[in-house]
1. If I model a spin label as a point 7 Å beyond the Cα along the Cα-Cβ vector, how far apart are those points for B:Arg134 and C:Ser228 in nm?
2. For the stretch C:36-181, what's the relative contact order in percent, using C-alpha pairs closer than 8 Å and at least 6 residues apart?
3. Please list A:Ile81, A:Ile72, C:Ile330 in order of solvent-accessible area, largest first, computed with a 1.4 Å probe with all protein chains present.
4. Taking H placed 1.01 Å from N in the peptide plane, check which residues at least 5 places from C:Ile63 or on another chain put their amide H under 5 Å from its amide H.
5. Once the Cβ-Cβ distance between C:Asn256 and C:Glu86 is put in as r, and R0 is 60 Å, what FRET efficiency do you end up with, to the nearest 0.05?
6. Rounded to the nearest 0.05, what FRET efficiency do B:Ala341 and B:Asn287 have when you use their Cβ-Cβ distance and R0 = 35 Å?
7. Using just the C-alpha positions of the protein assembly as shown as equal point scatterers, what log10 of I(q)/I(0) does the Debye formula give at each q in 0.04, 0.06 1/Å?
8. Can you give the average number of partner chain beta-carbon atoms within 10 Å of each beta-carbon in peptide A:205-212, as a whole number?
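The values are calculated or read from the model by the stated rules, or taken from the named source; none is laboratory data. Here the structure is a predicted model, which means the values were calculated and not measured. Using ideal geometry, Cβ is built from the backbone for each residue, glycine included, and neighbour counts are taken over all protein chains shown. Please note that ligands, DNA and RNA were not included when accessible areas were found on the heavy atoms of the full protein model with its side chains. Shrake-Rupley method; radii C 1.70, N 1.55, O 1.52, S 1.80 Å.
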Amino acid sequence: MSVTTVTDLPAGPAVPAAAPALRGRLSLPLSLLLVAPLVLLLAWAFFLPIGRLLLTSVTEPTLTLTNYRRLITQPLYAEVILRTVWISFACTAAALLLGYPVAALMARPGRVVPKIAAVCVMVPLWTSVLVRSYAWIILLDRKGVINTLLVQSGVIAKPLTMLYTDGAVLMAMTHVLLPFMILPIYSSLRSLPVDLPRAAANLGAGRVRVFFAVTLPLSLPGVFAGCLLVFVMALGFYVTPALLGGPQTLMIATLIGQQATELLDWPFAGAISCVLLVLSLGMVITFKRLLRLDRVVAHD
Amino acid sequence: MLRERPAAAAARAAAATVSGLAVGISEVWRRYGPVTAVAGVSLDVAAGEFVSLLGPSGSGKTTLLMMLAGFEQPQSGRLTVGERDITRVAPNKRNVAMVFQRYALFPHMTVAENIAFPLRMRRIGRAEREARIRRALDMVKLEAQAGRKPAELSGGQQQRVALARAIVFEPPVILMDEPLGALDKKLRQHMQIELKQLQRRLGATVIYVTHDQEEALTMSDRVAVLNHGKLVQLGPPRALYDQPADAFVADFIGEMNLLPGTVRAMTGELCTLAVDGGTAVGMAASNSDGQLASGKPARVAVRPEHVELVAASGAAQDGLPGQLAEIVFNGATTAMLVELAGGTMLRADISTRSSLAGLHPGSPVVASWAAGAALVFPGAA
Amino acid sequence: MTLSRRTVLLAPAFIAATSLASAARADELESTVVIRTTGGVFEAALKRDFFEPFTKATGVRVIPVAASAGEMLAKSRAMQESGRVEWDIISPQYDDLPNLAPLLMDLGDCTSIPNISRDGVPGTCGRWGELYLTGAELLAFNPQAFPQRKPSSWNDFYDVEVFPGRRALSNTGVPWGMLIQALCADGVPREALFPLDLDRAFRKLDTIKPHISVWWRTGDQSQALMRSGDVVMQTMWLGRAYASRRAGVPIEWTFNQSVADFGAWAILKGAPHPNAAKAFLNFYMENPEAHTAFAREMGYTTSSRDGQALLSPEDKEGLVATPETFAKIIHIDPAWLAANRAPALERWNRWLAA
């Protein structure tokens, strides 16, 4: 360097290796004030009606557990709950398998490809579930786009039955819920320093091993969050199974709707809702526990 | 002047005959659109050698390192490790270790698991693996922390884990990307010494990227100075310090006064210049071939420790007249800042013990130096 | 602003005055009446043939509110429970009226709606409501698929040897028609249908289940199945079958063993505009030509005797417009339904999903 000035002293304290992110802190009263509108809205529009519905499930016609006894003794409900859990599980698994690569694509460095992928993920979110479900009807119908193509190209002789099957529901639900899997995974992949997979490759790991040893474990918080979102949302799905499902695809939300509107049996609808709620909360707690285990892993 | 080049060549040849060539970089180019990041760099590193890639940000040093690691691809040119051409080899097949600036420790693995990672990838048996991990941990003095997660370690400890992870599989070459950059100054100096000792003990070949010239001079056997993607000068630290190839290196390495002036006369290699109302002398730089002629602009480079100051006597004196602007006590030496007649600042480092009594800010002084202590580079700044 | 400040200020006083007046004169008409419809083309036809003429005749504005059958019942009940009834007239299943009695205004023998006795078909006065339209859930088929012998009963639908081809039943959460059809197919005479023998009905349904290609969920879908030739016969609502025929789709149907799909106008207990609501029920039976136009377009005949008389012989044949057809239609026993709705539906759900 040329002539040094007096101030050219050793650089000030270097940034500590793992500088904790600056997290804004608000005072407790201010925080409470800020969340108050949401809490009030939730209390009035969500907890109050839910609470009342659940209450009727044990107080009508008199203080009783009849409604719950019926849930247990009538095999229909256990079967439907089991099927609902199964479909939700399959849907979650499918969304994970399909969504992870998309999230990985979106998290790649570069401009064009990740942007296109992001748009492809976000646009369906802005379209109503109803519209997307009808789109599937157009695709999967016996006289629909796919069958027409397959028959005309000579791949199959007779049109396939795809609509009104479990497969159609699974496919459409996965499609509708996919963004809720992709976005959390994308977010956790984005926060993964690019050096880590590079370091793994440098130390001798091929692409597959880099993924399983480093990328995947470090994106688990996003995977868990995505699975939780998709699973819980799938449990309560109503429109898609109703539109695309066959007679076998009876899900718990359909039963609740039937009790509430066809049979006007609100206490019993409340009892089934309670089961759905407990199921969802159980999932949330289980996943939270998994996440807590994972906190040790978190790269902060 | 050809003093530096044969010396470097001899050192290289000697190293090469002892343990062979470790890394070869030949005519490597990399462009990003209109920007040329690496422009035809060639560089050979001998086994056991510690070579620094030094340069300001954007000089191409990191790109070059990333190409050696396999995370970037050269558009043309050739990279070799030993006899093996690795130009198109996947990063995981290069067997070249890398220490990252931010360590890149796997946060979900313990220290021991981090160090075990490259051994597992090489399917090294359990017993051998354990032994090597123990040795590596011992070498970086982290036996007690084997079971901890990286987040529970201090910055220096994390740095050592990264080092242990890089040496444990005994790679022929270790690449380091400003590995001490994230540490505070004191720890950095400590780690510099530790790192150097470790390298000597292992006889490891190290290619070390840094923008800190002091660090490069302290640790390296040879330093490669890069600027705008070009290799500007390659040589031992002392050669770079004493015989900078051009004004950029002169300015970049160590403290240097670079004074613009006009050539007055050339006598062989000896050049006399008019600088700021006075006369300065120096030897023509080795690559100035004929560009220094009377009346041409030039710069004279002189280290502060070579500048001599005397109080102005009133009589005509050889040298550069000026006024003492400031005196900065630096411990063993004292920096005297002189404002020359034309306004240019000049720094002289005087031994504190012999520091000139009676001089104080405002005193008129004359600065001069031995012709052999200064270099003259052609062209204006 | 067409409302002046003074009008706004005076409005409460005016409302108070009119309510005082209505207290004095119980039969004075309110200015609006809220009627639930199913929306879509049905609502458009109702507007043209009945709502707008009613407004012209009485000055009472009709506010139609679209709701599905389920929403209608759920909301009616919710309104009743919260004590804030906002609708006046709903349109439930005629056969279900006794079961909905707690929600509905008791019209007694309908003396307050004089036009019913003047022009109504027998049974138009349903005590808790007024018969409004008459349709049926019936066996519809593609005549081109059966050139030799056409199916004429549910026995034929269940006979896959003599009448081969893809078939559809419905999956709308309302299985009563299909239970009755199954028992008819199994040879139960119509007088002996109720109480429904569910074991027997499901045993019969078991035999046809493997041959059902589609379980349609909406009326639109049932029309699409006939249009595309996807099925050769199915259970169908008369209005949908009739609409398919009007659209040129090859389709025929039989009223043999068909199940009533009768709609009623019913006034909610505590309706905000009871006088206007009763006036609408009376006006509904006023003009036979409107009924004829409505029936031709929608495929549902109405409760107007004179209106039915005006239909062409061909329409009379295809619609519920003759005493003979009327007599063929099977009605669900409301008492049985009230007692068995939930368990029967549970069993149906389970059978269907198995």
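1. The answer from the label model is 7.3 nm.
2. 15
3. A:Ile72, A:Ile81, C:Ile330
4. Result for C:Ile63 returns C:Val33, C:Val34, C:Ile35.
5. Efficiency for this residue pair is about 0.90.
6. E between B:Ala341 and B:Asn287, to the nearest 0.05, is 0.70.
7. Taking Cα atoms of the protein assembly as shown as identical point scatterers yields -0.42, -0.71.
8. 3
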